[in-house]
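Written below as structure tokens is the structure these notes are about.
The values are calculated or read from the model by the stated rules, or taken from the named source; none is laboratory data. Predicted model, so just to flag it, every value in this text is computed and none were measured. All Cβ positions, even for glycine, are placed from backbone atoms using ideal geometry, and neighbour counts span all protein chains on display. These area figures cover heavy atoms from the full protein model, side chains too; ligands, DNA and RNA do not enter into them. Shrake-Rupley method; radii C 1.70, N 1.55, O 1.52, S 1.80 Å.
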Number of protein chains: 2
Amino acid sequence: MTDSDGTYNVAKVESQMRKGFLEFPVLLIIGTKPTYAPDILKQLKQANLLVVEGTLYPLLSRMKRSELVTYVWEESKSGPPRKIYSLTKAGENALELIETAWKKLDTSVNKLIKQYEK
Amino acid sequence: MTDSDGTYNVAKVESQMRKGFLEFPVLLIIGTKPTYAPDILKQLKQANLLVVEGTLYPLLSRMKRSELVTYVWEESKSGPPRKIYSLTKAGENALELIETAWKKLDTSVNKLIKQYEK
DNA sequence: ATCAAGTACCTTGCATTACATAGTACTTAA
DNA sequence: TTAAGTACTATGTAATGCAAGGTACTTGAT
């Protein structure tokens, strides 16, 4: 969702909204409370968004690379250390934009549904 | 959204919902009233879903191939003939499934948004 | 000590999708 | 007959979701 220079491209947000949509709920989850991959998977599952490791880890890497999120290592008592992800300032801004795009999309689609049901 | 044998794969619906999302509004538009590509583009634009020819035509071809839609040729008074698309029975069934998946997704995402905003 | 099981993170290759771009073909009007 | 408008099609690229397989750390049972 970012250009090669790292800037956030607003025009791409709506395009992506119709394609890779997953970034949005992941940003929401991380934004609500910093956490690590397996917990994000759990929360997505609770939200009926079934995602697998092979999808989430590359997504987190991409978001780290484009500086929407960052992480700190945290020791665990039941296994290897964890990467605790949190939103950057840029991530918060991006989330605002995506949320706006989502609401617009939501309204538009629900309008089309009503038309269809008539 | 269909398997190689042409059957509709329910499991894939939710996956696609997070990826190629566009099929849904296009099915809604065609389902509301049979029409042709340039008009579909107009309706999508009115619904704030900016799509270009290069996206829509291949999508229509895919949906024709998987028998969600069909078309009849219709003469035009202002140019070449038009392919008027309409839903098949399978298309109507698929649309029901997709609509259900959409409503579920809609609810889930809006719940995540509320969590984030707290 | 050693080994199995659980946990956490990462990588590769594939199918699918959206898009930009360019092209073909029909119709009408200058 | 030529140009402009309309409608449909084809090709190549980047991005995404996913299956599958792999590495590495920790704990607990043998």
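Structure above, values below:
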| quantity | calculated |
| --- | --- |
| Scope the stretch B:37-67; condition without any contact (Cβ under 8 Å) to a residue 12 or more places away in the chain and among the hydroxyl-bearing types (S, T, Y); matching residues | B:S61 |
| Hits in the stretch B:78-87 (condition: surrounded by fewer than 16 Cβ atoms within 10 Å (Cβ to Cβ) and more than 9 Å from DNA strand C (Cβ to nearest atom)) | B:S86 |
| Which numbered condition A:K42 misses (of (1) crowded, with 19+ Cβ neighbours inside 10 Å; (2) more than 10 Å from DNA strand D (Cβ to nearest atom)) | (1) |
| Hits in the stretch A:87-118 (condition: β-branched (V, I, T) and facing another protein chain (nearest Cβ under 7 Å)) | A:V109, A:I113 |
| Selection count where residues are open to solvent by 50 Å² or more (accessible area, probe 1.4 Å) and at pLDDT 95 or above, scope the stretch B:1-39 | 4 |
| Residues of the stretch B:19-39 classified as more than 7 Å from chain A (Cβ to nearest Cβ), out of contact with any helix residue (DSSP H, G or I) (no Cβ under 7 Å at 6 or more places or on another chain) and under 15 Å from B:P58 (Cα atoms), total | 2 |
| Residue, farthest from the other protein chains (Cβ to nearest Cβ), within the stretch B:51-77, restricted to residues that are exposed (fewer than 15 other Cβ atoms within 10 Å of the Cβ) and in contact with a Lys or Arg (Cβ under 9 Å, 6 or more places away or on another chain) | B:E75 |
